[in-house]
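These notes are about the structure you will find just below.
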Amino acid sequence: MKVLIVGAGEVGFHLARRLSEESQDVVLIESDPERAEFAQQQLDVMTLVGNGASLPVLEKAGVKGARMLLAVTSRDEVNLISCLAASRLGVDFTIARVSNPEYYEQGSVLSGDRMGIDLLINPERECAKETYQLLEAAAATDVAQFAEGRVELLGVRIREGSAVCGKTLAQIGEELAHFHYVTVAIARNGTTVIPRGADRLEAGDKIYLLTPTDEAQEVHKLAGYDGLPLRRVMIAGGSAEAHYLAALLEANSVECTILDNDRRRCLELAEELPRSLVLHADATDLELLEMEGVSGIDGFVACTGNDETNMLASLLAKSVGARKVVSLIHKFDYLPLVPKVGIDAAVSPRMSTVNAILRYVRRGRVMTVAALTGIDAEAIEFSVGPRARVVGQPLREMHFPKGAVVGTIIRGEEIILPRGDDEIRPGDEVIVFALPDAIGAVEHLFSD
């Protein structure tokens with residue numbers, strides 16, 4: 001499948017890398033010659049220097065032979081015009097990254113349905129949703145929901161002395177048979193493996209689990225964490241992500257305090273968020289954090305526009321006793337640093353955009369895709385068709401790729417944590433966890 005990507009920034013570069021690794025035919029359009037040259041050197045894709053909203057540039061990139069166009073520059077207008085032009089030239093699917101709500105609110109003359117754009121993605125709003133899920137799951141470093149919210153994928157770091165520390169997965173399965181979860185990956189020392197029964201969990205490991213959402217708190221206890229309700233959250237920074245997150249907290253009756261050093265922005269937030277406390281203050285002021293009671297707070301989220309400030313504020317909040325600390329990170333290169341410096345979790349508006357786009361790019365019957373900030377892997381939810389290659393044989397006899405595992409089968413109202421004798425049937429929804437080199441083979445098995 002030929003895919004055109006407009007913009008070689010963090011989002012476009014990451015998408016191009018992912019898709020090229022899966023042997024997709026990718027053309028990357030970038031207006032900055034230096035950025036385009038960097039992408040050409042680092043990726044196995046065709047790059048073209050030019051404005052993605054220009055018809056001659058799109059035609060030179062082969063837009064008439066493309067099935068999909070992803071417009072992900074930092075400029076809403078360029079993204080919208082690129083998609084509009086591509087749609088008129090016969091591209092099947094167009095997706096635009098759009099931050100300004102005036103462009104996509106219901107009834108707007110520029111809304112996606114009126115312009116013929118298949119998907120408009122607001123990175124800041126998507127990021128706020130992921131942040132709220134992380135705050136609710138106190139022990140989780142990553143959270144993604146599947147099956148309309150009935151199943152959760154959790155990333156959890158194993159604490160010393162937890163119930164599972166030092167045991168193999170087979171032992172844990174026998175001793176804790178009443179707990180309903182599947183371990184789909186273990187990350188240790190920068191390496192991710194799809195585990196088998198003989199693999200042993202150690203303190204400091206980051207494990208990824210699929211579990212019914214209503215049992216997620218039990219998983220936290222197994223990893224050595226207390227499941228406490230979310231009551232008070234402090235947000236550092238008055239960014240768009242902070243605004244969307246505060247609105248979510250207000251809607252769920254969570255007490256919210258926002259700190260920002262821009263007096264004008266504080267006035268705007270105070271007017272738009274009547275149930276939140278907005279303070280004109282510097283979130284890196286340790287004395288202020290202590291005075292405002294961060295030591296007893298359930299969640300602290302650093303949401304300024306500067307990654308370094310966010311990491312510093314997060315570390316300060318952690319040092320004075322905040323229970324769960326989440327840092328907003330824009331640069332993909334910084335994401336691996338987050339657990340190393342002691343921050344509980346990271347969210348990325350750019351990664352949120354990637355997640356929202358990937359489900360439209362995948363072949364087969366893909367319903368949901370979650371790319372994770374902690375590791376280079378994906379969880380993919382498939383709807384199983386009647387002619388899919390996975391239908392009708394026990395999982396133990398299936399030639400499933402080594403770098404992938406079937407985590408959950410949803411059959412009507414039933415959530416099945418699969419064993420070797422289970423079979424996949426037409427109409428099932430199946431969640432698969434896969435490393436990048438196995439994704440193509442997995443999609444092939446689930447295609448009709």
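The values are calculated or read from the model by the stated rules, or taken from the named source; none is laboratory data. Keep in mind the model is a prediction, meaning the values are calculated, not measured. Glycine also receives a Cβ, built like all others from the backbone with ideal geometry; neighbour counts cover every protein chain displayed. Each accessible area value is taken on the protein alone, full model and side chains, heavy atoms only, with ligands, DNA and RNA left out. Shrake-Rupley method; radii C 1.70, N 1.55, O 1.52, S 1.80 Å.
Figures for the structure shown
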item: Lone qualifier among Ala187, Ala216, Ala247 - being farther than 30 Å from Asn306 by Cα, crowded, with 16+ Cβ neighbours inside 10 Å and within 22 Å of the chain's Cα centre (by Cα); result: Ala216
item: Single residue of Asp205, Asp226, Asp214, Asp260 found to be among the charged types (D, E, K, R), in contact with a helix residue (DSSP H, G or I) (Cβ under 8 Å, 6 or more places away or on another chain) and under 21 Å from Leu154 (Cα atoms); result: Asp226
item: Failed item, numbered, when Ala317 is tested on (1) over 21 Å from the mean Cα position of the chain (by Cα); (2) surrounded by fewer than 24 Cβ atoms within 10 Å (Cβ to Cβ); result: (2)
item: Check on Val338, among the aliphatic types (A, V, I, L, M), open to solvent by less than 10 Å² (accessible area, probe 1.4 Å) and in a helix (DSSP H, G or I); result: yes
item: Residue within segment 155-177 that is over 22 Å from Ala216 (Cα atoms), touching a strand residue (DSSP E or B) at 6+ places or on another chain (Cβ under 6 Å) and modelled with pLDDT of 80 or more present; result: no
item: Residue identified as open to solvent by 10 Å² or more (accessible area, probe 1.4 Å), within 23 Å of Asn355 (Cα to Cα), under 21 Å from the mean Cα position of the chain (by Cα) and of a type outside the set (A, V, I, L, M, F, W, C) among Glu21, Glu30; result: Glu21
item: Pick from segment 76-128, criterion part of a helix (DSSP H, G or I) and among the hydroxyl-bearing types (Ser, Thr, Tyr), ranking: modelled with the lowest pLDDT; result: Tyr103
item: Selection count where residues are of a type outside the set (Asp, Glu), farther than 16 Å from Tyr181 by Cβ, in contact with a strand residue (DSSP E or B) (Cβ under 7 Å, 6 or more places away or on another chain) and at pLDDT 85 or above, scope segment 129-152; result: 4
item: Output for segment 261-285, where each listed residue is open to solvent by 70 Å² or more (accessible area, probe 1.4 Å) and either in a helix (DSSP H, G or I) or of a type in the set (Gly, Ala, Ser) (or both); result: Arg263, Arg264, Leu267, Glu268, Glu271, Glu272
item: Failed item, numbered, when Val326 is tested on (1) at pLDDT 90 or above; (2) β-branched (Val, Ile, Thr); (3) open to solvent by less than 10 Å² (accessible area, probe 1.4 Å); (4) more than 30 Å from Thr304 (Cα to Cα); result: (4)
item: Matching option when the condition is touching a residue at least 12 places away in the same chain (Cβ under 8 Å), of a type outside the set (Val, Ile, Thr), under 24 Å from Glu124 (Cβ atoms) and part of a loop (DSSP other than H, G, I, E, B), among Ala16, Ala53; result: Ala53
item: Enumeration of residues in segment 286-297 that are open to solvent by 10 Å² or more (accessible area, probe 1.4 Å) and under 29 Å from the mean Cα position of the chain (by Cα); result: Ser295, Gly296
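Table: residues versus (1) open to solvent by less than 50 Å² (accessible area, probe 1.4 Å); (2) in contact with a strand residue (DSSP E or B) (Cβ under 6 Å, 6 or more places away or on another chain).
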site: Val361; (1), (2): yes, no
site: Glu378; (1), (2): yes, yes
site: Ile416; (1), (2): yes, yes
site: Arg425; (1), (2): no, no
site: Phe433; (1), (2): yes, yes
